[in-house]
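Single-structure report; data block below.
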Amino acid sequence: MSEILLSNQVIVYLLSESILFGLLLIAFIITLEILIKWDFGSYSEQQFRLERRAYLVMTILLFVFVVKFLLLIYFVFAIDSLSLLVPGAMCAAGVISANDYGMLLLLLKLLILFFLLLWMAINRYDLQAKNYPLFRIKSWLFVSIFLVIAIETGVDFAYFGHIDTLEPVNCCSTLYGQLEGANPLPFGLNTMILLILFYLLYVAVMASALSSQRVSFMVALLLFVFIAYYSVVYFFGTYIYELPTHNCPFCMLQKEYYYVGYLVWGALFVGTYLGLISSVMEIGLKVERNRERMVALALLSIFVLLCTGFVAIYYLRNGVFL
Amino acid sequence: MTENAIITIENLNKHFKSGDLLSKVLKDINLEIERGECIVLKGVSGSGKTTLLSIMGGLDRPSSGKVLVEGESISKLPDLHISHFRAQKIGMIFQHFNLFDHLTATENVMIPLIPARLSMDEVDQKVHSSLKLANISHKAESTAGRLSGGEKQRVAIARALVSDPAIILCDEPTANLDRDNSLKFIEILGQLHEMGKTIVVATHDPLFDTLSFANRVVPMEDGSLVGSISKGLQ
């Protein structure tokens, strides 16, 4: 068995993920039974049993959401600690690029958290009515989430099982082949255009949200999070590290940088999640979600202020840009 | 279901499962209680009175069957709604009083009003009139732990009345009281009946056999209702 699979952090992580998967499997089987037999108008023993079991599913999902959120943070910590075992890796960025499963796994985790949050928003709305009007929608959503989590669990094992501790990896400053001469930014953008897009999309997000243009808001938000990711890694991040060649999404999560990455990425992703959830519920389910949208705008504004603040502070202290 | 019915119970069953053992606590209960009625559920311990009362009050859910309160089915309400239902429509009085011993009588009575988010003036007014009705105003600032059994029961009555519920459910209310205090409790219950409250008392206390204002005595035996003795509307 590989050295990686025997490290304490990986054992704890994989065991936790497996237990969660086991719990979700129970919830999945119950949900399938509920979907087949559910008849809210009935006062039969079977229906009452299904209603009690629906509460069990809700409890499991709430628990899974909380643990999955904490496990995402732990996952970053775990792969960061593996950088000692993987040649060439200086932080989590090197370890995550150690094989083809790494980035896929990270994307799946972000996607799952979004869908779990969406499920909770729908569930909350459903419980505010007296007759569970969204019960089938949220149950089918959970079935879909379960399938994605099943894939994620498989990718978890594939990723950690295929990290080669003998083969050197690229890390931070050479991430995405930047030093090999290739432009790492999407669509051949340069940094200036990237920044213009970053601020323009932020304005578009704010304007569409405040003028209740729901579809425009969702589209602008998706474009913004995409551009924001590259902007942080290839521009704002360098001001956090105060090093123009340090392009890493993970190092800012470390103690050396006062864990500021949790604030930066947290504000961006939680803001994006809440914004998308408010849009999905308003467009798809015709449910007003102003509060979530306003919280999303506040978080995205904090994110933009933080990013801009690092550049401004650096300039004020040093009199030059990087 | 008649037009004046405030509680309607149809084909209600409740059972508990412990391992392979299935214990049927309520068996096919059908009962209709009219607005303003006072009903005494009589039966020995273990006959299912408390379980039936808990289901009527939304504290427990049936295994099958329907419970309608003012025409609305409460047996399938989500938790959020069942809490609102209890806070608005039900006042419960328990055998063991269920007071917070370290809180004063006033504070205990105030508790059901917390979710209503009333102004302090409104809360004070409601608590004061409720304590007065239960004849326990003189102990308003005493902590519940220092009160006698009879006084505790009167605080429990005040708490049950404070949100002005239409239905008062009493579970063995005199089981921990001496005869004098039991008679005082019954006197207060009579006043509530006169005020138009619907009252359901689950008890095996013989004092309730001669209750002058009870409209019906409904005997329970082994989880079933065994007829009903109508005493005629007073």
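Bear in mind that the values in this text are calculations on the coordinates, not laboratory data. Since we're looking at a predicted model, the values are computed, not measured. Positions of Cβ are generated from backbone atoms using ideal geometry, with glycine treated the same way; all protein chains shown enter the neighbour counts.
Observations on the structure shown:
- Estimated dipole of segment A:152-305 in Debye, rounded to 20 [Cβ of Lys and Arg +1, of Asp and Glu -1, Cα centre]: 700 debye
- Magnitude of the charge dipole, segment B:1-121, Cβ model with Lys/Arg +1 and Asp/Glu -1, debye to 20: 380 debye
- Here the alpha carbons of the protein assembly as shown define both size measures, Rg and Dmax, at 31.7, 99 Å.
- 222 nm mean residue ellipticity, helices alone, for the protein assembly as shown (DSSP H n ≥ 4; -39,500 (n - 2.57); rounded to 500): -18000 deg cm²/dmol
- Violating pairs (Cα-Cα greater than 26 angstrom) within the set B:LYS24/B:LYS184; B:LYS126/B:LYS184; B:LYS66/B:LYS89; A:LYS130/B:LYS42: B:LYS24/B:LYS184; A:LYS130/B:LYS42
- Within a straight-line Cα-Cα reach of under 12 Å, B:LYS27 can be paired with the following aspartates and glutamates, leaving aside sequence neighbours fewer than 8 residues apart in one chain: B:GLU10, B:GLU221, B:ASP222.
- Per residue, the convex hull spanned by the Cα atoms of chain B amounts to 132 cubic angstrom.
- Once the GluC sites (Glu not before Pro) in DSSP loops with at most 15 neighbouring Cβ atoms within 10 Å are cut out of chain A, the longest remaining piece is A:4-241.
- Placing dummy labels 7 Å off each Cα toward the beta-carbon, the span from A:ASN190 to A:TYR315 is 1.9 nm.
- Other-chain or far-sequence residues with amide H under 5 Å of B:VAL25's (modelled H): B:LYS14, B:HIS15, B:PHE16
- Per-residue ³J(HN,Hα) for segment B:154-162, Karplus 6.51 cos²θ - 1.76 cosθ + 1.60, θ = phi - 60°, Hz, x for Gly and Pro: 6, 5, 4, 5, 4, 5, 5, 8, 4
- Positive dipole terminus of segment A:4-161, leading residue within A:ALA54, A:PHE115, A:CYS91 (C-beta point charges): A:ALA54
- Listed residue (A:ILE149, B:ASN11, A:ALA204) projecting farthest to the positive dipole end of the protein assembly as shown, Cβ model: B:ASN11
- Proximity of backbone amide H atoms, modeled 1.01 Å from N, is registered between B:CYS170 and B:ILE93, B:VAL200, B:VAL201, B:ALA202 at under 5 Å, excluding neighbours fewer than 5 places apart on the same chain.
- Förster-model FRET efficiency, 30 Å R0, B:GLU3 and A:PHE63, C-beta, rounded to 0.05: 0.05
- For segment A:246-322, size of Cβ-based charge dipole, Lys and Arg +1, Asp and Glu -1, in debye: 60 debye
- Cα centroid of segment A:265-322 to Cα centroid of segment A:95-115, whole Å: 22 Å
- Note that segment A:4-161 shows a convex hull volume over its alpha carbon atoms of 96 Å³ per residue.
- Backbone HN-Hα couplings from phi across segment A:131-142 [Karplus 6.51/-1.76/1.60, Hz, Gly and Pro as x]: 10, 6, x, 9, 4, 5, 4, 5, 5, 5, 4, 5
- Distance between modelled label sites at A:ARG136 and A:PHE77, nm, 7 Å Cα→Cβ extension: 4.4 nm
- Checking every one of the trypsin sites (Lys or Arg not before Pro) in segment B:11-99 against DSSP loop status and a limit of 16 other Cβ atoms within 10 Å picks out B:ARG35.
- Chain A: angle of helix A:8-37 to the longest principal axis, Cα-based, in degrees nearest 10: 30 degrees
- Set of aspartates and glutamates near A:LYS286 by C-alpha distance (under 20 Å), chain-local residues within fewer than 8 positions excluded: A:ASP126
- Using R0 = 30 Å, the C-beta based FRET efficiency linking A:VAL203 and A:ILE283 works out to 0.85.
- P(r) tail fraction, segment A:83-207 - alpha-carbon pairs more than 20 Å apart, %: 65 percent
- Rounded to the nearest 5, the antiparallel percentage of DSSP beta bridges internal to the protein assembly as shown is 55%.
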